[in-house]
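Reviewing the structure listed below.
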Amino acid sequence: METIKKIYKIGYGPSSSHTMGPHRAAELFAARTKEATHYRVTLYGSLAATGRGHHTDMAVTRGLAPKEVEILWQPDVVKPFHPNGMFFEALDEKNEVKDAWMVYSIGGGSLATEEGTVPTGITPEGEVYPHNTMKDIMEYIDREGLSFWEYVEQCEDGKLWFYLEEMWQQMQHTIEEGLQDDRVIAGGLHLRSKAHQYYIRASAFKPSLQSRALVIAYALATSEQNACGARIVTAPTCGSSGVLPAVLYHLKKNHGFSDREILRAMATAGLFANVIKTNASISGAEVGCQGEVGSACVMAAVASNQLFGGSPKQIEYAAEMAMEHNLGLTCDPLCGLVQIPCIERNAMAALRALDINIYAMMSDGRHIISFDKVVRTMKLTGKDLPSLYKETSLGGLALDE
């Protein structure tokens, strides 16, 4: 498996697949075609179906600036490799193609061609982990007497903790910015941000309810900032970026966990997300929202379980439950915007992760369905989902009444 640094990336919303990935692809293509006078970019499948709502055209244009860019939309053409296909063409003054590149935005801001992943220069490339399944990882750490975060530390380079600290600082900053925001979110749905109001209202609740109300406010804060195109951290995607930060922020503020403990929990959360990314997908266009919010719920559940002293078996159980109870979750955003049901869904997943932590902590960690099996099931479920329910805005909630 690759580094978990590819799970956590700082970028701008609203979508890692539709905004961050295409923007980076455009930058890479521009760097290798400096002699081009203008560009033509064809967007396929999900990128074309929801590209305007996700600002894909704006992201591509910014990446190729200041040269003129023609965007072609092909929502009905879905490439076999991945639904998020982009075809870049560099043109000269005679409108002749001088260079071309077919590339795919595969989730979490990552890029790939049919030959393999595309180096971005942001994180180390190549295999970092010797194991690809949770079964193999657990057998190894049990044999060596390691925790999950120690295994991550052993496999990653010496810059891991500095990198995760930067991600954690940005997560906190985004929540704090979102809690102060109060505006109508752009896009045409006239959806007003709620984090600020919910945060204030939570103060009137009894302590038993207040903490849960605050978790909702924290999740809304990040998700609304993402919808506004603000700076966020993928965890593992932009559309699901509100879940893990909300849970970690709550556990720091209301349970007194230290930043060091939080970073270790982030390492474990990133490891589980890495297994999902390697063996299934974190792309809503490929497997639906189970790959995005479902994966984020896994990350938040394992992070909280580790913080509360869960054993490796209990942590793995929490991860399995978090994905199991998000199986089949569709990606059907209204108008192709990362707003409805995405923002609210992040808050519900954060609450669910905390409930799953309690359930796992009450157990001895033994259970029937393994995390690896539920990840395989998620992948198969995603492939069986009709394209209407995989980030095309052509079915489900996205349909006009």
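Out of all the residues in the range 317-338, which are within 20 Å of the chain's Cα centre (by Cα), assigned to a helix (DSSP H, G or I) and over 23 Å from residue 190 (Cα atoms)?
Residues satisfying the conditions are 318, 319, 320, 321, 322, 323, 324.
Go over the candidates 91, 64 one by one and state the one that is in contact with a helix residue (DSSP H, G or I) (Cβ under 7 Å, 6 or more places away or on another chain), open to solvent by less than 10 Å² (accessible area, probe 1.4 Å) and either among the β-branched types (Val, Ile, Thr) or under 20 Å from residue 32 (Cβ atoms) (or both). Spell out how you get there, then give the answer.
Working: 91 fails: in contact with a helix residue (DSSP H, G or I) (Cβ under 7 Å, 6 or more places away or on another chain).
Only one candidate qualifies: 64.
Would you confirm whether any residue within the range 121-128 is at pLDDT 95 or above, open to solvent by 70 Å² or more (accessible area, probe 1.4 Å), of a type outside the set (S, T, N, Q) and within 24 Å of the chain's Cα centre (by Cα)? Lay out the reasoning, then the answer.
Of the range 121-128, the ones at pLDDT 95 or above are 128.
After this cut, where a residue has to be open to solvent by 70 Å² or more (accessible area, probe 1.4 Å) as well, the list is none.
The answer is no; no qualifying residue exists.
How many of the residues making up the range 353-401 are of a type in the set (D, E, K, R), out of contact with any helix residue (DSSP H, G or I) (no Cβ under 6 Å at 6 or more places or on another chain) and either within 14 Å of residue 285 (Cα to Cα) or crowded, with 19+ Cβ neighbours inside 10 Å (or both)?
Residues flagged as of a type in the set (D, E, K, R), out of contact with any helix residue (DSSP H, G or I) (no Cβ under 6 Å at 6 or more places or on another chain) and either within 14 Å of residue 285 (Cα to Cα) or crowded, with 19+ Cβ neighbours inside 10 Å (or both) within the range 353-401 amount to 3.
Residue check, residue 352 against (1) assigned to a loop (DSSP other than H, G, I, E, B); (2) at pLDDT 95 or above; (3) closer than 22 Å to residue 215 by Cα, all met but one. Which one?
Every condition holds for residue 352 apart from (1).
Looking at the range 24-52, which of its residues are among the charged types (D, E, K, R), farther than 22 Å from residue 13 by Cβ and assigned to a helix (DSSP H, G or I)? Walk me through it before giving the result.
Restricting attention to the range 24-52, the residues satisfying the condition of being among the charged types (D, E, K, R) are 24, 27, 32, 34-35, 40, 52.
Among the residues that remain, those that are also farther than 22 Å from residue 13 by Cβ are: 32, 34-35, 40.
Result: 32, single match.
Which of the residues spanning the range 91-110 are closer than 25 Å to residue 20 by Cα and touching a residue at least 24 places away in the same chain (Cβ under 8 Å)?
Kept after step one, since they are closer than 25 Å to residue 20 by Cα, are these residues of the range 91-110: 91, 99-110.
Scanning the range 91-110 gives 91, 99, 101, 103, 104, 105, 106, 107, 108, 109, 110.
The values are calculated or read from the model by the stated rules, or taken from the named source; none is laboratory data. All of these numbers come straight from a predicted model, not from anything done at the bench. Cβ: placed from backbone, ideal geometry, glycine included. Neighbour counts: every protein chain shown. Just so you know, the surface numbers come from the protein's heavy atoms only, side chains and all, with ligands and any DNA or RNA stripped out. Shrake-Rupley method; radii C 1.70, N 1.55, O 1.52, S 1.80 Å.
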